[in-house]
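S.K.: First the structure, which I've put down as structure tokens, then a few questions once you've had a look.
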Amino acid sequence: MIELHQIRPRIRSSMGGQRNGAASSSWLSQFWFSARRTKPLNPPHNTTVAINHPDGLTRRLGLFDLILIGVGASIGAGIFVVTGTVARDAGPGVTISFILAGLSCILNALCYAELASRFPAVVGGAYLYTYSAFNEITAFLVFAQLMLDYHIGAASIARSLASYVATLLELSPVFRGLPSWFGTGEEFFGGTVSVNVLAPVLLALLSVILCRGVGESSVLNSVMTITKIVIVIIVIFVGAFEVDVANWTPFAPNGIKAIFTGATVVFFAYVGFDAVANSAEESKRPQVCHKFQRDLPLGIIGSLFICIVLYIGVCLVITGMVPYNLIGEDAPLAEAFRSKGLKFVTFLITIGAVAGLTTTLLVGLYVQSRLYLGLGRDGLLPAVFAKVHPTRHTPIHSQVWVGIVAGVLSGLFNVSVLSHILSVGSLTGYSVVSACVVTLRWNDRHADDRVLSRWTSPWQEGVICLIVVACCGFATGVSYRYDGSFIFMIVAAVIAILSISALCFRQSYRDPPGFSCPGVPILPAVSIFFNIFLFAQLHEEAWVRFVVLSIIMVGVYAFYGQYNAKPGGMDDETIVYHSAPTEPTF
């Protein structure tokens, strides 16, 4: 016979298990509900920004400023290095590599331009678009991947800039013989620590300028960007007189594959035009009004076209001056002019590299702070990141945080060893933005008389098609990278074409107000395919980084983000910006 005291513990255990199971089920339900939340998309002319302070960011950036931000973010020292490095493999065909990569970026830029013109003119960029088109957790993951790229990239650029500045300083007798730990970096503890004093100092100076206001930082960016553009034009003009057209033969010495491989490498030389989209809240004329295009779309596309023209010019000059197999690896453009006895041009190239790195670093720090500001406002990060200085009108806390992170990384670690895990955030972010264009066109259709749930079959079917396109791009990229069967690539491409066809014929689309990306859904789908194709060309450690960081950030969201997020913005005060003017202002 079982005693009563033996039964009661079992009953308690059973009831406790039920409670724990119910609690676990409740937590998962809450997580699932929170993760699928979206941010309301208000019309651009009804833009509101909820913040804690009585004022928002200041609208001081015109079209010229936005174009220079895009050019400043994209063209760094890479124009003086990457062009020659890829030319050693692709030969004069490196010009085609840059054209192909530029065309791919144009696809991404058109998607950014549409979203920038139809969204409220506030900070956020890819994160904001994803929050409205998909859901909260996807937007949070996009932010995390982008932010890791920005942090490592800023630290790496700061160390490169410090090295160039130290080289210029040593031209003066006063600064000759600078210790390695000052500018180039000195390793300690078996290479675990690499001390660089100048890099954090440069980051601190740029952070102070950014904290003072967008006007001051825009002036510096404009001066430095114009300087490097002028230097690049001088390089192209002077080099054109040293070109020997015989050096352009053979045009593709290692075949077409080398040109396509080169395109996957030089694609990252264009990354940066998305910085214009993150300047929305400080743009004077951010949206499109009636038939007149406003500054954001023009800034995004205009800056990209300028970069394409400059890159093509440099490619033609360097491959025409020196036979492709004799182009240097470390400083190819400078060595090409030095071999022609044009030493004064090599000095200009060094100045151009310093200007290019400065603007790239400045814009990178600027974009990071605005992204942190957006997440602080939405509650996915602590509210301190949402604070804006009452007189400077800058997100000073976010800016200081970004400067500290980059300063620590650049001052203590040789972050160049992490360069092979970069660009993950850019490629995935661009892909998600392209998908946002497609899905938001569906939402326009559902916003009519037939109000359907986002999770009904048509929406799910469309998302599955987009995922299939991305998977086919990855499969094709992996097969191409590891010399897989050509048949396998053909099969993957055919499946992608079928998925795009399903998007075309099984969904209906409406052109949005303002700037409209042409060829939807074909153009965004092709953009996704090629972006993920390039993702497959990254180092395997980049794939691991993508998975590991995603898992970590899901955990952060589960224990912090889902409980503090405010998709509608912060609740204290609302700043209402005036709508864009109804008549064009030039």
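Okay, residues lined up against (1) part of a helix (DSSP H, G or I); (2) modelled with pLDDT of 60 or more:
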| position | (1), (2) |
| --- | --- |
| G16 | yes, no |
| T58 | no, yes |
| A73 | yes, yes |
| S97 | yes, yes |
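S.K.: Take the stretch 178-207 and flag every residue that is at pLDDT below 95 and open to solvent by 70 Å² or more (accessible area, probe 1.4 Å).
M.R.: W181, T184, E187, F188, F189, G190, T192
S.K.: Taking the stated definitions as given, is A525 in a helix (DSSP H, G or I), closer than 18 Å to S104 by Cβ, modelled with pLDDT of 95 or more and in contact with a Pro (Cβ under 8 Å, 6 or more places away or on another chain)?
M.R.: On the way: in a helix (DSSP H, G or I): yes; closer than 18 Å to S104 by Cβ: yes; modelled with pLDDT of 95 or more: yes; in contact with a Pro (Cβ under 8 Å, 6 or more places away or on another chain): no.
Answer is no for this residue.
S.K.: At pLDDT 90 or above and either outside any helix (DSSP H, G or I) or open to solvent by less than 10 Å² (accessible area, probe 1.4 Å) (or both): is that true of S117 in this structure? Give the derivation first.
M.R.: On the way: at pLDDT 90 or above: no; either outside any helix (DSSP H, G or I) or open to solvent by less than 10 Å² (accessible area, probe 1.4 Å) (or both): yes.
Judged against the criteria, S117 is not a match.
S.K.: Right, here's the next one. Does the stretch 535-542 include one or more residues that are surrounded by 14 or more Cβ atoms within 10 Å (Cβ to Cβ), in a helix (DSSP H, G or I), aliphatic (A, V, I, L, M) and at pLDDT 95 or above?
M.R.: Checked against the condition, which is being surrounded by 14 or more Cβ atoms within 10 Å (Cβ to Cβ), in a helix (DSSP H, G or I), aliphatic (A, V, I, L, M) and at pLDDT 95 or above, the stretch 535-542 yields no hits at all.
S.K.: Only one residue in S217, S279, S222 is touching a Phe, Trp or Tyr at 6+ places or on another chain (Cβ under 7 Å) and either of a type in the set (S, T, N, Q) or at positive phi (or both). Which one?
M.R.: Working: S279 fails: touching a Phe, Trp or Tyr at 6+ places or on another chain (Cβ under 7 Å); S222 fails: touching a Phe, Trp or Tyr at 6+ places or on another chain (Cβ under 7 Å).
Exactly one residue qualifies, and that residue is S217.
Yes/no per residue for (1) modelled with pLDDT of 95 or more; (2) open to solvent by 40 Å² or more (accessible area, probe 1.4 Å); (3) within 25 Å of A263 (Cβ to Cβ); (4) not small (G, A, S):
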| residue | (1), (2), (3), (4) |
| --- | --- |
| S419 | no, yes, yes, no |
| S423 | no, no, yes, no |
| S426 | no, no, yes, no |
| D444 | no, no, no, yes |
| D448 | no, yes, no, yes |
| R454 | no, yes, no, yes |
| I467 | yes, yes, yes, yes |
| F474 | yes, yes, yes, yes |
| S479 | no, no, yes, no |
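S.K.: Looking at (1) without any contact (Cβ under 8 Å) to a residue 60 or more places away in the chain; (2) open to solvent by less than 10 Å² (accessible area, probe 1.4 Å); (3) among the hydroxyl-bearing types (S, T, Y), find the lone condition where S339 falls short.
M.R.: With (1) without any contact (Cβ under 8 Å) to a residue 60 or more places away in the chain; (2) open to solvent by less than 10 Å² (accessible area, probe 1.4 Å); (3) among the hydroxyl-bearing types (S, T, Y) applied to S339, the lone miss is (2).
S.K.: For the stretch 492-524, name all the residues that are open to solvent by 30 Å² or more (accessible area, probe 1.4 Å), closer than 18 Å to Q460 by Cβ and free of Cβ contacts under 8 Å to residues at least 60 places away in the same chain.
M.R.: Answer for the stretch 492-524, where residues must be open to solvent by 30 Å² or more (accessible area, probe 1.4 Å), closer than 18 Å to Q460 by Cβ and free of Cβ contacts under 8 Å to residues at least 60 places away in the same chain: L498, S501, C504, F505, R506.
S.K.: Same structure, new question: Mind listing just one residue for me: the one in the stretch 165-200 that is among the hydroxyl-bearing types (S, T, Y) and assigned to a loop (DSSP other than H, G, I, E, B) and, of those, farthest from T346 (Cα to Cα)? Please lay out each step first, then the result.
M.R.: As a first pass, look at the stretch 165-200 and keep what is among the hydroxyl-bearing types (S, T, Y): 167, 172, 180, 184, 192, 194.
Right, trim to assigned to a loop (DSSP other than H, G, I, E, B) and you get 172, 184, 192.
On the way: S172: 17, T184: 20, T192: 34 Å.
Here the residue is T192.
S.K.: Only one residue in F260, F241 is more than 30 Å from Y480 (Cβ to Cβ), open to solvent by 70 Å² or more (accessible area, probe 1.4 Å) and of a type in the set (A, V, I, L, M, F, W, C), so which one is that? Spell out the reasoning first.
M.R.: On the way: F260 fails: more than 30 Å from Y480 (Cβ to Cβ).
Going through F260, F241 in turn, the sole match is F241.
S.K.: Does S218 count as in contact with a strand residue (DSSP E or B) (Cβ under 7 Å, 6 or more places away or on another chain) and either surrounded by 13 or more Cβ atoms within 10 Å (Cβ to Cβ) or under 17 Å from G84 (Cβ atoms) (or both)?
M.R.: Taking the combined requirement at face value, the residue satisfies it.
S.K.: OK, next. Which number in (1) of a type in the set (A, V, I, L, M, F, W, C); (2) closer than 18 Å to G215 by Cβ; (3) surrounded by 24 or more Cβ atoms within 10 Å (Cβ to Cβ) marks the one condition that I396 misses?
M.R.: Checking I396 against (1) of a type in the set (A, V, I, L, M, F, W, C); (2) closer than 18 Å to G215 by Cβ; (3) surrounded by 24 or more Cβ atoms within 10 Å (Cβ to Cβ), the one that fails is (3).
S.K.: Another one. Have a look at V82, V142, V86, V122 and point out the one that is of a type in the set (A, V, I, L, M, F, W, C), modelled with pLDDT of 95 or more and either more than 17 Å from I306 (Cβ to Cβ) or open to solvent by 10 Å² or more (accessible area, probe 1.4 Å) (or both).
M.R.: Working: V82 fails: modelled with pLDDT of 95 or more; V86 fails: modelled with pLDDT of 95 or more; V122 fails: modelled with pLDDT of 95 or more.
Going through V82, V142, V86, V122 in turn, the sole match is V142.
S.K.: Cβ contacts < 6 Å: first residue under 8 Å from R36 (Cα atoms), restricted to the stretch 134-148; second residue of a type in the set (V, I, T) and open to solvent by 10 Å² or more (accessible area, probe 1.4 Å), any location; separation 6+ or different chain. Result?
M.R.: Once the first residue is under 8 Å from R36 (Cα atoms) and sits in the stretch 134-148, its partners that are of a type in the set (V, I, T) and open to solvent by 10 Å² or more (accessible area, probe 1.4 Å) give N135/T38.
The values are calculated or read from the model by the stated rules, or taken from the named source; none is laboratory data. Keep in mind that this is a model prediction, so the values were computed, not measured. Reconstructed Cβ throughout: ideal geometry from the backbone, glycine too, with neighbour counts over all protein chains shown. Surface areas here come from the heavy atoms of the whole protein model, side chains and all, with no ligands, DNA or RNA. Shrake-Rupley method; radii C 1.70, N 1.55, O 1.52, S 1.80 Å.
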